[in-house]
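A quick write-up on the structure given underneath.
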Amino acid sequence: MGRRGSSWCRWWVALLVLAVAADAVGCTSVSYDDRSLVIDGQRRIILSGSIHYPRSTPEMWPDLIKKAKEGGLDAIETYIFWNGHEPHRRQYNFEGNYDVVRFFKEIQNAGMYAILRIGPYICGEWNYGGLPAWLRDIPGMQFRLHNEPFENEMETFTTLIVNKMKDSKMFAEQGGPIILAQIENEYGNIMGKLNNNQSASEYIHWCADMANKQNVGVPWIMCQQDDDVPHNVVNTCNGFYCHDWFPNRTGIPKIWTENWTGWFKAWDKPDFHRSAEDIAFAVAMFFQKRGSLQNYYMYHGGTNFGRTSGGPYITTSYDYDAPLDEYGNLRQPKYGHLKELHSVLKSMEKTLVHGEYFDTNYGDNITVTKYTLDSSSACFINNRFDDKDVNVTLDGATHLLPAWSVSILPDCKTVAFNSAKIKTQTSVMVKKPNTAEQEQESLKWSWMPENLSPFMTDEKGNFRKNELLEQIVTSTDQSDYLWYRTSLNHKGEGSYKLYVNTTGHELYAFVNGKLIGKNHSADGDFVFQLESPVKLHDGKNYISLLSATVGLKNYGPSFEKMPTGIVGGPVKLIDSNGTAIDLSNSSWSYKAGLASEYRQIHLDKPGYKWNGNNGTIPINRPFTWYKATFEAPSGEDAVVVDLLGLNKGVAWVNGNNLGRYWPSYRAAEMAGCHRCDYRGAFQAEGDGTRCLTGCGEPSQRYYHVPRSFLAAGEPNTLLLFEEAGGDPSGVALRTVVPGAVCTSGEAGDAVTLSCGGGHAVSSVDVASFGVGRGRCGAYEGGCESKAAYEAFTAACVGKESCTVEITGAFAGAGCLSGVLTVQATC
């Protein structure tokens, strides 16, 4: 009896210790009702932002997350990148910027929540939508339909990710930051276009069941799944605007998983910009109409390092015009304007999630919404006209609303925020030359030719086939490049036109070891032809065709079936009489990749023979390697390499792949480049585009070099593989620093100028009322205020940040009072 009592006592003490330990961890319960997520029994408004871990570096993560939190966010949302984590079947990568557990721990360390979007199809302008190309090797495989091969692989990877998170105690019920998980992605957009409605329906319900079997302890969501929604998931909205969208059943909250803060960039397109005013309008409208969780896609876009960009033709930069730019700098005024909005929304949180609400329409396009809880109330007033301001009277007070704006009144009396009235400064970032000590003005280059000789005959391939094969299946996307090689015997000499029809993105043609033609797809049509004159000699002639991809398609119904390469051809030799020799069914030898990829030239191992010690290098020579060393720029500012003058290729710094470059490809001229107005619905396609920049300019000139790629105090190595032939003489390292900072306000406003990052204001350049022309950095016109100029000069010059109150005395005798604009240089 005594022994049994002692055992029971030890059991009770152990149980008590476990209970205390569990409480110390801070386990969090997450559920939901029709108003919001319910976290630890409390309804919550959640403001979130997307930061994709492989599009930055582990060294950047803490700062990005810190800035997100300081910007008023509660949560970080990210996709999981299947083909990055499992590049070869059952061979996994969770190192470096794919260390996803470390990323979630950084979120936890910052005291923020996390949203885990497993997919594992993700779109995301990521290569092949995140799906591994090796899936195509599995017999019977059908992507994203109800079939055992795909579902087995999807479940295996999903379980792997879930278990990694569980093992690290990352889910909320374990005390971790993850409050939501997502399975699949935007399937509702395409499921009706797959020509197999039954299989699509069975698949999406299987996804939901499989996810819920994982027992993660938090709700599962599906975005853009408005039809045929499984009962055990919460469907959510993606888009530029989601205020008019509501869940398709009762009892679940209104969640916006992707509020697109800008748009992705393609090699042939300008830069898209979505104004701070319009994003704030969309967010305010969403919460006016019962929204509960909103996520910015992207909050930080980052960089498509290596071969990760999708498309085809998505650029290496994934800046996305996000509140944090590609390098992690604050994009002002977008960051600050949204931060002010977040603060106001949070001040009303309890009223928004618990209060009764009533909408009142004041004619067309004007709505007042009043939330009431006990004796408190909060109001929204929206003006959806895109061409006129309106006055709205509420409880005896009249409020002026600019066109396309929302005013928020936390007490229904005083306007605390209007989406169209920006009080945050504007910052213009510039690229500054490398100021490292002892760094020369221009880089000294050596060079090496790419060894093409092994591919100039049809011998020593991986295999042969009497047909022209599809590139992704043949190479499993292990390289951008696939060689198609054949030979033919010819009696005597002959002149022909080589004709190649291809669905690849680029094509180079060699005959008997000489480059005789090249071409690439233009204007988004990824079927094109190469036609080049050739001369055959007597005897055996060799034809080598090099097909290259520039990112694989990532979106659309059956996107994985979009062919690449010279699949089917035809490939013909056509003589002057029009008679053709069809080579399409000749014996073709196949080999993926270039010799330099097998030799790992990018690692700059000892023993490689570089030329150019005499200071001369060849330029405009296709398939050429260039090498230079440089000192890391001093300071902590973001670093970029300016590749203007090059054509197309890939860049490495100290063995780290910066991504594809293509500065010779100029962005198209589009109507949206010549007009910009925040008013009206934003569009990224069609005639409604606006606020575009960079038309007619190199699509991407600057390429991010993260500080963690650099070694301080010792030489760093820059390697360029110039595929198409360019001139590296103008290549230079630069830092990204604030140039001009501008602010405006009226009498009584306290306005702030801040250079940030340790930079100080060097001069005040403009202090004028009624500035009518130009933009920050190039303002013109207006009535100069000597008093304002002197006040801002005294308060700001030599300081990183300063705040000045605008007074009526600034207007002086010659200026009408109104809006004062101040521009300074950092």
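Scanning the range 447-464 for residues that are outside any loop (DSSP other than H, G, I, E, B) and open to solvent by less than 20 Å² (accessible area, probe 1.4 Å) yields MET448, PHE455. Scanning the range 403-446 for residues that are over 30 Å from TYR703 (Cα atoms) and in contact (Cβ under 8 Å) with a residue 60 or more places away in the chain gives ALA403, TRP404, SER405, VAL406, ILE408, PRO410, ALA416, PHE417, SER419, ALA420, ILE422, LYS423. Determine if the range 781-791 includes at least one residue that is in contact (Cβ under 8 Å) with a residue 60 or more places away in the chain, surrounded by fewer than 20 Cβ atoms within 10 Å (Cβ to Cβ) and either farther than 30 Å from GLY645 by Cβ or within 33 Å of the chain's Cα centre (by Cα) (or both). No, that holds for no residue.
Exactly one residue out of GLY756, GLY739, GLY748, GLY686 is open to solvent by less than 40 Å² (accessible area, probe 1.4 Å) and in a loop (DSSP other than H, G, I, E, B), and it is GLY756.
Filtering the range 351-358 for residues that are buried (at least 22 other Cβ atoms within 10 Å of the Cβ) and touching a residue at least 60 places away in the same chain (Cβ under 8 Å) leaves a non-empty set. Taken over the range 611-634, residues that are assigned to a loop (DSSP other than H, G, I, E, B) and either open to solvent by 40 Å² or more (accessible area, probe 1.4 Å) or farther than 23 Å from TYR508 by Cβ (or both) amount to 13. Pairs meeting the criteria (first residue in the range 328-341 and closer than 14 Å to ASP278 by Cα, second residue of a type in the set (Phe, Trp, Tyr), beta carbons under 7 Å, at least 6 apart or on different chains) are LEU341/PHE417. Within the range 398-429, the residues that satisfy the criterion of being open to solvent by 40 Å² or more (accessible area, probe 1.4 Å) and either part of a loop (DSSP other than H, G, I, E, B) or under 22 Å from GLU356 (Cα atoms) (or both) are PRO410, ASP411, LYS413, THR414, VAL415, ALA416, LYS421, ILE422, LYS423.
May I ask you to verify whether LYS497 is open to solvent by 30 Å² or more (accessible area, probe 1.4 Å), under 20 Å from THR579 (Cβ atoms), out of contact with any Cys (no Cβ under 7 Å at 6 or more places or on another chain) and modelled with pLDDT of 95 or more? For LYS497, the condition - open to solvent by 30 Å² or more (accessible area, probe 1.4 Å), under 20 Å from THR579 (Cβ atoms), out of contact with any Cys (no Cβ under 7 Å at 6 or more places or on another chain) and modelled with pLDDT of 95 or more - is met. Taken together, LEU482, LEU488 contain a single residue that is crowded, with 19+ Cβ neighbours inside 10 Å and touching a Phe, Trp or Tyr at 6+ places or on another chain (Cβ under 9 Å), which is LEU482. Among the residues of the range 206-223, just one is part of a loop (DSSP other than H, G, I, E, B), under 29 Å from the mean Cα position of the chain (by Cα) and farther than 15 Å from GLN174 by Cβ, namely PRO219. The strands (runs of 3 or more DSSP E) found entirely in the range 1-82 that carry 2 or more residues being modelled with pLDDT of 95 or more and open to solvent by 30 Å² or more (accessible area, probe 1.4 Å) are 30-32, 42-44.
For (1) open to solvent by less than 10 Å² (accessible area, probe 1.4 Å); (2) out of contact with any helix residue (DSSP H, G or I) (no Cβ under 9 Å at 6 or more places or on another chain); (3) at pLDDT 95 or above, each residue gets a yes or a no:
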| residue | (1), (2), (3) |
| --- | --- |
| HIS146 | no, no, yes |
| PHE150 | yes, no, yes |
| GLU173 | no, yes, yes |
| ILE178 | yes, no, yes |
| TYR187 | yes, no, yes |
| ASN197 | no, no, yes |
| SER201 | no, no, yes |
| TRP206 | no, no, yes |
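Just one of the numbered conditions (1) in contact with an Asp or Glu (Cβ under 8 Å, 6 or more places away or on another chain); (2) open to solvent by 30 Å² or more (accessible area, probe 1.4 Å); (3) of a type in the set (Gly, Ala, Ser) is not true of SER343: (1).
Within the range 77-126, the only residue that satisfies the criterion of being β-branched (Val, Ile, Thr) and without any contact (Cβ under 8 Å) to a residue 40 or more places away in the chain is THR78.
Does SER754 fit the bill of being touching a Phe, Trp or Tyr at 6+ places or on another chain (Cβ under 9 Å), polar (S, T, N, Q) and within 27 Å of CYS676 (Cβ to Cβ)? No. Among the residues of the range 100-144, those that are open to solvent by 10 Å² or more (accessible area, probe 1.4 Å) and within 17 Å of LEU160 (Cα to Cα) comprise VAL101, ARG102. When the range 270-294 is filtered for residues that are closer than 18 Å to ARG35 by Cβ and part of a strand (DSSP E or B), the ones remaining, listed by number, are GLY291, SER292, LEU293, GLN294. The condition (being exposed (fewer than 14 other Cβ atoms within 10 Å of the Cβ), within 30 Å of GLY757 (Cβ to Cβ) and in contact (Cβ under 8 Å) with a residue 24 or more places away in the chain) is satisfied by just one residue among PRO715, PRO706, PRO728: PRO715. Only one entry in PHE380, PHE385 is crowded, with 17+ Cβ neighbours inside 10 Å, among the hydrophobic types (A, V, I, L, M, F, W, C) and out of contact with any Ser or Thr (no Cβ under 6 Å at 6 or more places or on another chain), namely PHE385. Quick one: would you say GLN224 is in the same structural domain as TYR113 (by the TED database), under 15 Å from PRO253 (Cα atoms) and among the polar types (S, T, N, Q)? For GLN224, the condition - in the same structural domain as TYR113 (by the TED database), under 15 Å from PRO253 (Cα atoms) and among the polar types (S, T, N, Q) - is met. Cβ-Cβ distances below 8 Å connect the following pairs, each with a first residue in the range 369-393 that is over 17 Å from ASN418 (Cα atoms), a second residue that is surrounded by 13 or more Cβ atoms within 10 Å (Cβ to Cβ) and of a type in the set (Phe, Trp, Tyr), and a separation of six or more residues or different chains: TYR371/TYR357; THR372/TYR357; SER377/TYR371. Filtering the range 221-236 down to residues that are over 17 Å from TYR121 (Cα atoms) and touching a Lys or Arg at 6+ places or on another chain (Cβ under 9 Å), which residue is most open to solvent (accessible area, probe 1.4 Å)? Only one residue tops the list, namely HIS231. For the range 689-736, a residue qualifies if it is in a loop (DSSP other than H, G, I, E, B) and β-branched (Val, Ile, Thr), and the qualifying residues are THR689, VAL731.
Across the range 508-517, the qualifying residues are those that are in a strand (DSSP E or B) and of a type outside the set (Gly, Ala, Ser), and the one among them that is most open to solvent (accessible area, probe 1.4 Å) is LYS514.
The values are calculated or read from the model by the stated rules, or taken from the named source; none is laboratory data. Bear in mind the structure is a predicted one, so any value in this text is a computation, not a measurement. Using ideal geometry, Cβ is built from the backbone for each residue, glycine included, and neighbour counts are taken over all protein chains shown. Side chains are part of the model used for accessible areas, which takes the heavy atoms of the whole protein and leaves out ligands, DNA and RNA. Shrake-Rupley method; radii C 1.70, N 1.55, O 1.52, S 1.80 Å.
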